[in-house]
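> Sharing a structure with you now.
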Amino acid sequence: MDSTVVRLANQKDLRYLREMPPYFRGHVSFPFKEDILVAERNGKVLGAVSVGHKDITYVSRQLKDISECPQDTEIQKTSGAWISKFYVFPEHRQKGIAKRLLEESIKNLSQKTFDKAYVGVYAKNRFRRVSKRLFKKYGFQEMGSCICLLPKGYCKGRLLMKPLRPIQTLDKVMKYPPEKLANEITTLSLNAGAELVGFASAEKLEKGAPEGHKPSDLMLNAKSVIILACGRKLNEERDYSYKWGPDFSSTFIKLKEEVKQRRIEARECIEEVKNFLAKKQFKIAVEPHGWSGILSFKRAAHLAGLGVFGKGSFLVHPDLGPLNILACILTDAPLKYGTPLRTDVCKDCTECIKACKYGAYHKVGKKYKWIRGKCRAYDLIMNPVTLKWTYGPCNSKCVNLCPIGKAP
Ligand code: B12
Ligand SMILES: CC(C)(COP(=O)(O)OP(=O)(O)OC[C@H]1O[C@@H](n2cnc3c(N)ncnc32)[C@H](O)[C@@H]1OP(=O)(O)O)[C@@H](O)C(=O)NCCC(=O)NCCS
Ligand code: SF4
Ligand code: SF4
């Protein structure tokens, strides 16, 4: 029978703890600054884990490198129970010791007043995949990127969190039934200037989205995505005016006043919905600056039943035409979701394909693929030698010439 026990460490365990590589144990001295749990068999320590409180700074998205952290990334701060110095001596690995230690850590923290337990899994750890899988098995979910400061430099990693108590109480759901809440948000958004409002399940968006572009990269435990289409009519005569940069290396786009105005209105509409949900104590999150390319707004709008992907790859409402200025809000409020439409809006039309002068559409079999890298929607580059414009302005002709939703 396995006689391994997991218990709080004492002074006698120090000599074992000091055998752990410094990267894992850090500075360890008695009396311990936080609870250390050890797995012990016949007086010998097989592994250990440390559980304590910590202030945590992270960004809610996947970063390739922390130095690449875009300026518009919101730095988040939180604090809670922190699991660290998790180590099993090599000769005792793969025998379930880590699982025992983790189970006891969770019990230890749950008995205290902590609501959430956090852990960082770092890129330099060669056991990061094993560890991440293990934590996920015990209910930890990825929240974003964090860093660990080392004596020299830093190591980037992923922050994981496990709620230790139910986050969404049944009371709240009973008080705000999903359908009623969705209707209230719809009325509020339409009054604030949105032209269409839709709701999709965050879980559905999560399943198909690429790494780093999932709702969980923006908010943990999101239940719903709210999609607002604001300024649809702009497509009919959308135009950009371009401003020359101070040198030829940079170009500025000066949006038409009307477009600018619609964008401001879209933001106001987002704020209204956010305030409404926050007052009811629901969590909300939007991309930094509203449109920073974490989520697929198009896919969210499709799931919500607001439109279909036309040949041009932008989202088209069967009657109203291309939807422009989409805005997305994530929330932990459960809402009533729409159903994806299956209408063939394009039929024989290929206006968008013909309109593109920059080769952004490629025919693959009978379908068209939009090569986003070739899309010159915003580019206007002047060759400093020939002084000729290389691209644009294309005025988003693909979208603007779409006949759907226009008077015949
Ligand atoms: C960056 C960007 C661009 C870049 C694209 C570069 C690039 N690398 O993507 C450029 C500058 C080229 C561009 C061009 C245009 N854009 Co743009 N763009 C964006 C932006 C800000 C981010 C896109 C992004 O990368 N998102 C993250 C990735 C993961 O999303 P995605 O590419 O849509 O994801 C695809 C797959 O990964 C997969 N997927 C992702 N998640 C999931 C989940 C599930 C369940 C499944 C099954 C699949 C799946 O399906 C998606 C669609 O194929 C979005 C706003 C937004 N956040 O969506 C606007 C946005 C997509 N653009 C928009 C528009 C209108 C345009 C332009 C017409 C220019 C303009 N007038 O603004 C042209 C489009 C021309 C065309 N033919 O489509 C609108 C689209 C509206 C609509 N009706 O479809 C958006 C939503 C902006 C807005 N707020 O209104 N854009
Ligand atoms: C990661 C570590 C703690 C795992 O300890 P362990 O006692 O071997 O783990 P367990 O035996 O409890 O196994 C836990 C799970 O991981 C799997 N696993 C453990 N080591 C593995 C390995 N080398 N390769 C593949 N899977 C492995 C087990 O099969 C088990 O999976 P299961 O739940 O599907 O059965 C240990 O390897 C270690 O101390 N590594 C160095 C320190 C470290 O990386 N700490 C984590 C910091 S976040
Ligand atoms: S936005 Fe312009 S460059 Fe991009 S696909 Fe449409 S027409 Fe082509
Ligand atoms: S322009 Fe024509 S082909 Fe392109 S999306 Fe609109 S209807 Fe479809």
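None of the figures in this text is laboratory data; all of them are computed from the coordinates on show. All of these numbers come straight from a predicted model, not from anything done at the bench. Glycine gets a Cβ as well: all are built from the backbone with ideal geometry, and neighbour counts include every protein chain shown.
> Return the sequence-ordered ³J(HN,Hα) values of the range 25-36 in whole Hz as given by the Karplus equation 6.51 cos²θ - 1.76 cosθ + 1.60 applied to θ = phi - 60°, using x for Gly and Pro.
Each residue of the range 25-36 in turn: 7, x, 8, 10, 9, 9, x, 5, 7, 8, 5, 10 Hz.
> Step through the residues of the range 91-107 one at a time and calculate ³J(HN,Hα) from phi using the Karplus curve (6.51 cos²θ - 1.76 cosθ + 1.60, θ = phi - 60°), rounding each to whole Hz and writing x for Gly and Pro.
With coefficients 6.51, -1.76 and 1.60, one gets 6, 10, 6, 6, 10, x, 5, 4, 4, 4, 4, 5, 4, 5, 4, 4, 4 Hz.
> Spin-label point model (7 Å from Cα, Cβ direction): what's the F24 to K256 distance in nm?
In this crude spin-label approximation the distance works out to 6.3 nm.
> Related question: Sort H302, H92 so the one with the fewest other Cβ atoms within 10 Å of its own Cβ comes first.
H92, H302
> Moving on to the next point. For a Förster distance of 41 Å, can you work out the FRET efficiency between the beta-carbons of S79 and K44, rounded to the nearest 0.05?
Rounded to the nearest 0.05, the efficiency is 0.70.
> May I ask you to derive the FRET efficiency for E91 and N191 from their Cβ-Cβ distance with R0 = 56 Å, giving the value to the nearest 0.05?
Working: r = 67 Å, r/R0 = 1.20.
So, using R0 = 56 Å, E works out to roughly 0.25.
> For K175 and R128, compute 0.36 nm times the residue count separating them, minus their Cα-Cα distance, and round to one decimal in nm.
Residue separation times 0.36 nm, minus the Cα-Cα distance, leaves 12.8 nm.
> OK, next. For K54, list the lysines whose Cα falls under 22 Å from its own Cα; do not include residues on the same chain fewer than 8 positions away.
Those lysines meeting the cut-off are K33, K77, K85, K107, K112, K116, K124, K132, K136, K152, K156, K162.
> In what sequence do D348, D35, D332, D2 fall when counting other Cβ within 10 Å, fewest first?
D348, D2, D35, D332
> At 7 Å along the Cα-to-beta-carbon direction for both C155 and Y378, put a label point, then send me their distance in nm to one decimal.
Between C155 and Y378, the simple spin-label model gives 3.6 nm.
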